[in-house]
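Working notes, beginning with the structure itself.
The values are calculated or read from the model by the stated rules, or taken from the named source; none is laboratory data. Just so it is clear, the structure is predicted and the values come from calculations on it, not from any experiment. Cβ atoms come from the backbone with ideal geometry, glycine included; neighbour counts cover every protein chain shown.
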């Protein structure tokens, strides 16, 4: 069967020209299915993994629908916001808006992006020029609404990108407040890599008779990704990571940590091991994050340590390895993480460093993806005693495996009360730097503007505050 070309999708000549200039000849499956539906005005629920071309799947048809309304006038009034795209993170917002610029370069349409952690005044100047396409993170968009620097009363198309991630980060209340400000009659598009039950509930309340596009099975993982689990004593994780990077001469590695503090500490320890490493997370300024990402892409940095929040929207071609230093508590996050590798037809490797406390999270991941992950012991780093057998067997559900071999000792007679210090003795933790529990950082705070970044929230008009139900930023 001959491949479909972009010319067969009914796109306007200016859009086809831009697509060719980007070097694309054939649409991906999600583009081939979604573009005609969006151009026809249908509400859409699309499931697609990262790296499948989903941004073009909504950017191209949105530009096509807005083209008849485009104006060459310089008046801001002739360029109202007609399409709104909400994304969970700054990096993804920047990437999406750049796609609109690239594909719409031959059309008289304007676009801009607003996100937390950046200069509010510069964003206000862009908005006052007038834009038809606005890409935004929810928190910063509400700041502009409260400051009366953006009007959403002419939005005809709403797109939620990475909808599952926005729900994970706690943005659902903000999203509902934004939806309440939009015209009731509009087109709604929802793109998500996974479809937990919360997404299904949002779909029912937001979309009207939606078309559904699913280019991969629900919660599927990329077929070209090799999964490897290395059982390791918890206190030896950092040493094992350095060992793998150095002995395998890994040159471009994305490492996931559960917390921002943990990411900073791990990058620092890797640099002490003479490995060029940097960290990217929500506490970094936007300029710092962009520099870290560019250095990583250019090969100046061999290892980029990231939190889940910061990783969203990272578009790195041909990323060979992803390493889970901390196993994600949410199994869906595992799919998002490894989606950074094995993209666009290239092979990738997902390596997970699993200590005894990670066994339950590992078992949840295996249940979700419906496969056992291969375990490989690295001599000198494995856990002690019976925990090795538990990890290699992949049995993460039992209390013994989760808490380590010390709990498998014969119980004391019930009549004898154990000494209090032994009852509350902590598990051995090794290096105190890594004694912090492996818990993900609060996600919604990642792109929320810090108090010192803007004084706009101090001047909220009472009418808007009442309309938004007393939004607190």
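In segment 272-294, what residues are surrounded by fewer than 15 Cβ atoms within 10 Å (Cβ to Cβ) and in a helix (DSSP H, G or I)? The answer is 272, 287, 294.
Selection over segment 258-268 of residues that are surrounded by fewer than 23 Cβ atoms within 10 Å (Cβ to Cβ) and in contact with a strand residue (DSSP E or B) (Cβ under 7 Å, 6 or more places away or on another chain) gives a count of 1.
From the list 44, 60, 92, which one is at pLDDT below 90 and within 28 Å of the chain's Cα centre (by Cα)? If you could, list the steps in order and put the result at the bottom.
Numbers: 44 fails: at pLDDT below 90; 60 fails: at pLDDT below 90.
Going through 44, 60, 92 in turn, just one is at pLDDT below 90 and within 28 Å of the chain's Cα centre (by Cα): 92.
In this structure, is residue 170 modelled with pLDDT under 90 and either in the same structural domain as residue 332 (by TED's automatic domain parsing) or in a loop (DSSP other than H, G, I, E, B) (or both)?
yes
The set of residues in segment 120-137 being more than 17 Å from residue 65 (Cα to Cα) and touching a residue at least 60 places away in the same chain (Cβ under 8 Å) consists of 120, 137.
Is it the case that some residue within segment 246-255 is assigned to a loop (DSSP other than H, G, I, E, B), over 23 Å from the mean Cα position of the chain (by Cα) and free of Cβ contacts under 8 Å to residues at least 12 places away in the same chain? Yes - at least one qualifying residue is present in segment 246-255.
Only a single item in (1) touching a residue at least 40 places away in the same chain (Cβ under 8 Å); (2) surrounded by 13 or more Cβ atoms within 10 Å (Cβ to Cβ); (3) closer than 22 Å to residue 66 by Cα is not met by residue 48, and it is number (3). So, residue 316, is that one touching a strand residue (DSSP E or B) at 6+ places or on another chain (Cβ under 9 Å), under 28 Å from residue 276 (Cα atoms) and modelled with pLDDT under 75 or not? Taking the combined requirement at face value, the residue satisfies it.
With a requirement of 3 or more residues that are under 26 Å from residue 340 (Cβ atoms), the helices (runs of 4 or more DSSP H) lying completely within segment 41-160 that satisfy it span 54-66, 90-103, 138-146. Tally time: how many residues in segment 173-213 are over 23 Å from residue 63 (Cβ atoms) and assigned to a helix (DSSP H, G or I)? Looking only at that region, the number is 15.
Residues checked against (1) more than 18 Å from residue 381 (Cβ to Cβ); (2) crowded, with 17+ Cβ neighbours inside 10 Å; (3) touching a strand residue (DSSP E or B) at 6+ places or on another chain (Cβ under 7 Å):
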{"residue": "246", "(1), (2), (3)": "no, no, no"}
{"residue": "256", "(1), (2), (3)": "yes, yes, yes"}
{"residue": "270", "(1), (2), (3)": "no, yes, yes"}
{"residue": "297", "(1), (2), (3)": "yes, no, no"}
